[in-house]
Amino acid sequence: MTDADTDHAARQSAPFLFLYALAMSGGAVAYVPFLTIMLPIQAGSIAADGALNLLAYAAFAGAVAASIANIGFGWLSDRSGTRRPWIAAGMLTSSALLIAMPMASGTLMLISMIVAWQLCLNMMLAPLTAWAGDCVPDSQKGLLGGLLAFAPALGALSTTLVMLPGFAAPGDRHLLVALFVIVMVSPVLVIGRPAAIRHLMVDRGWPDDVPDDERHRKEAARRMWLARLLVQIAEASLFAFLLLWFRSVDAGVGANVAANIFTAVLGAAVAMTLVIGRWSDRHGQPTMPLVIAAAAAAVGLLVMSLSSAFASAIAGYVIFGLASSIFLALHASQTLRVLASARRRGRDLGVFNLTNTVPSLIMPWLTLALVPVYGFDALFLMLAALAFAACLLLVTMPPPPARNL
């Protein structure tokens, strides 16, 4: 066996994969509790009557800053040839800004601090995401996707934990979240020792027997980008308006019921994604789970659009929630297959990150245009069409190259 064959057969160590997944979960903990609970509370204390407007401006400015920073810091980590210093610097500066966030006493100051926090947060997230492309071979990307499913679940769990009565005083919540992040991200920086897999650090094309290989690779990347954007729009809409929709079906539904359903779905999705990810690795089927998950998400949204009883509404949401969570986790790892350039990996993943930030700019207008006039049924039909379009994009995508199996 040649050195090249040995390199292509190499697998990343399990300890590093688990430490990396813990760090990515720390990335989710860094923003989920703050953006979903702590920021709305602070906005209400700064501008009681104008809290919604303040949140809208903060969300818009933050999304723009995050989009630019993710591409920029991904590119800088490519140029520097190292990821760890950027991750460490982003972790420390974003944590410091989060701890200082309660000091913002006015609208302009709060928005300015959120923009700065998003810049620093993405200094951590962009190179951290790209690091997986440097270290995890294609034969383990399904497993990686399964491990990444822990991130949203732990983000939701951390939100519940810091908001538990008596667990942390309101003034200590920002500090507690920052400590969670440092504890979760630091281990991979300090003791993470990934096996060197040389071919992952070399620009790679598609197989020589594929005609016009560069065109096919770019087409695959475009389809993966657009498919994720479509599913993310649907997921973001449900995340923001789940409670309102449940109450439109049954006025007696409380916030705790919606939160419990949301958390249960995320927890179940972790186990399912791990199993499906391992299956895709063993059978060499990286995109089939994505196709099925997108189709299932569309079915769940159709069920939701037709639901007039709370039981069927829950059933539809469970189908959609599981399918979309599985799709997004596995897509995050399988995206690395279609990004051929190791030299531009961080920058290219920053462009893919736009699928996470753009929906926050699209979703409110889409919802406001449909729900007041046509109701949630029309919104869910529209979202089902988007999920089905994602399925079609992937099922007709050029097959991925058979590399480093």
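Taking Pro85, Pro15, Pro372 as the candidate residues, the one with maximal mean-square fluctuation in a Gaussian network model of the chain, Cα springs under 10 Å, is Pro372. Largest GNM mean-square fluctuation across Trp365, Trp86, Trp279, computed for the chain with C-alpha springs under 10 Å, falls on Trp365.
In the full protein context, region 318-358 carries 25 Å² of accessible surface per residue, based on a 1.4 Å probe and ignoring ligands, DNA and RNA.
Using the Cβ-Cβ distance between Ala264 and Met201 with R0 set to 41 Å, the FRET efficiency from 1/(1 + (r/R0)^6) comes to roughly 0.50.
Look at the Cα gyration tensor of the chain: its axes a ≥ b ≥ c give a/c of at least 1.5 with a/b at or below b/c, and that counts as oblate. Met24 sits with roughly 40 Å² accessible to a 1.4 Å probe, with DNA, RNA and ligands left out of the calculation.
Take the Cβ atoms of Ala369 and Val395, set R0 to 30 Å, and the FRET efficiency comes out at 0.55. Between Leu306 and Ala251, the simple label model (points 7 Å from Cα in the Cβ direction) yields a spacing of 2.8 nm.
The distance between label points at Leu108 and Lys218 comes to 4.5 nm (points 7 Å beyond Cα on the Cα→Cβ vector). By the Kirkwood approach, averaging reciprocal distances over each pair of separate Cα atoms, region 1-157 gets a hydrodynamic radius of 17.1 Å. Average projection, convex hull of the Cα set of region 252-405: 10.6 square nanometres. Summarised as an ellipsoid, region 98-148 has semi-axes of 36, 10, 7 Å, derived from the eigenvalues of the Cα gyration tensor scaled by 5 and square-rooted, with the largest first. For Arg278, put the label point 7 Å out on the Cα→Cβ axis and report which residues of region 14-34 keep their amide N under 14 Å from it. From region 14-34, the list is 14.
Compared with the rule-of-thumb size 2.2 N^0.38 Å for a compact globular protein, region 80-165 has a Cα radius of gyration ratio of 1.35. For region 332-389, the C-alpha radius of gyration divided by 2.2 N^0.38 Å, with N the number of residues, is 1.55.
If I require 15 Å or longer along the helix axis, counting alpha carbons, and a Kyte-Doolittle average no lower than -1.0, what helices from the chain are left? Use full DSSP H segments. Those that clear 15 Å and a mean of -1.0 are 14-33, 51-80, 84-100, 107-135, 150-162, 173-190, 213-249, 255-283, 288-306, 310-334, 345-374, 376-395. Spatially, region 304-338 and region 126-188 are offset by 21 Å when compared through their Cα centroids.
Of the chymotrypsin sites (Phe, Trp or Tyr not before Pro) found in region 130-183, those that fall in a DSSP loop while having at most 12 other beta-carbon atoms within 10 Å are Phe167.
The values are calculated or read from the model by the stated rules, or taken from the named source; none is laboratory data. Everything numeric in this text was worked out from a predicted model, so none of it was measured. A quick note on method: Cβ atoms are made from the backbone with ideal geometry, for glycine too, and the neighbour counts reach across all protein chains shown. Ligands, DNA and RNA are excluded from the accessible area calculation, which covers all protein heavy atoms including side chains. Shrake-Rupley method; radii C 1.70, N 1.55, O 1.52, S 1.80 Å.
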